[in-house]
Amino acid sequence: DIRLTQEGLKEAKVANILHAVTNGRDALDFLHQRGAYTASPRPDLILLDLNLPGISGHTVLAEIKRDPSLLTIPVVVLTSSESEADIVKSYEEHANCFISKPVDFSSFLDIVSRIESFWFSIVRLPQPG
């Protein structure tokens with residue numbers, strides 16, 4: 001999924017830098033700048049898959065939205081799940097939006113392009129700190 005997202009961002013000519021991790025523990029370490037991620041930048045946007053190994057995406061989302069230093073970072077749940085329970089739980093945990101990944105690559109490219117356009121061209125976000 002990370003490779004597909006990276007390829008989608010590249011194909012959609014998204015100019016933003018993508019930092020990717022492969023599991024929930026690394027996601028939290030990256031966001032809290034712990035361990036191998038002490039020099040990690042604060043993201044402007046988080047694309048979160050719910051199906052992470054180890055610590056689940058739901059747990060990562062809940063921790064992000066509980067932390068005052070992270071809660072203003074928009075979290076886009078971008079996952080293969082189409083479960084109504086996952087949708088409801090994500091919004092209860094204060095996800096900014098929930099997108100089910102399409103199965104075909106061209107539709108995925110369209111979604112990635114729209115995410116970038118919406119969150120970086122249209123939306124006004126608070127400055128960190």
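FYI, it's all coordinate maths here, none of it is from the lab. Small disclaimer: the values here were computed from a predicted structure and weren't measured. Ideal geometry is used to build each Cβ from the backbone, glycine not excepted, and the neighbour counts take in all protein chains shown.
Observations on the model:
- Label-point gap, in nm, between residue 69 and residue 84 - each point 7 angstrom along Cα→Cβ: 4.0 nm
- The string of couplings for the stretch 21-38 from the Karplus curve (6.51, -1.76, 1.60, θ = phi - 60°) is 10, 9, 8, x, 4, 5, 4, 5, 4, 4, 5, 9, 6, 10, x, 5, 10, 4 Hz, one whole number per residue in order, with x for Gly and Pro.
- Whole-number percent relative contact order across the chain, with pairs defined as alpha carbons under 8 Å at least 6 apart: 24 percent
- Within the straight-line cut-off of under 20 Å between alpha carbons, the aspartates and glutamates reachable from residue 10 are 1, 44, 49, 104, 110, 116, sequence neighbours fewer than 8 places apart in one chain being disregarded.
- The three principal axes of the C-alpha atoms in the chain carry coordinate ranges of 36, 33, 28 Å, sorted with the longest axis first.
- Proxy reagent accessibility, fewest Cβ within 10 Å first, across 21, 77: 21, 77
- In nm, spacing of pseudo-spin labels at residue 17 and residue 123 (7 Å Cα→C-beta vector): 2.1 nm
- Computed helical MRE - 222 nm, the chain, DSSP H runs ≥ 4 contributing -39500 (n - 2.57), nearest 500: -11500 deg cm²/dmol
- Considering only trypsin sites (Lys or Arg not before Pro) in DSSP loops that have at most 11 other Cβ atoms within 10 Å, the longest stretch of the chain without any of them is 14-123.
- Available extension along the chain between residue 7 and residue 34 is 7.0 nm, counting 0.36 nm per residue and deducting the alpha carbon span.
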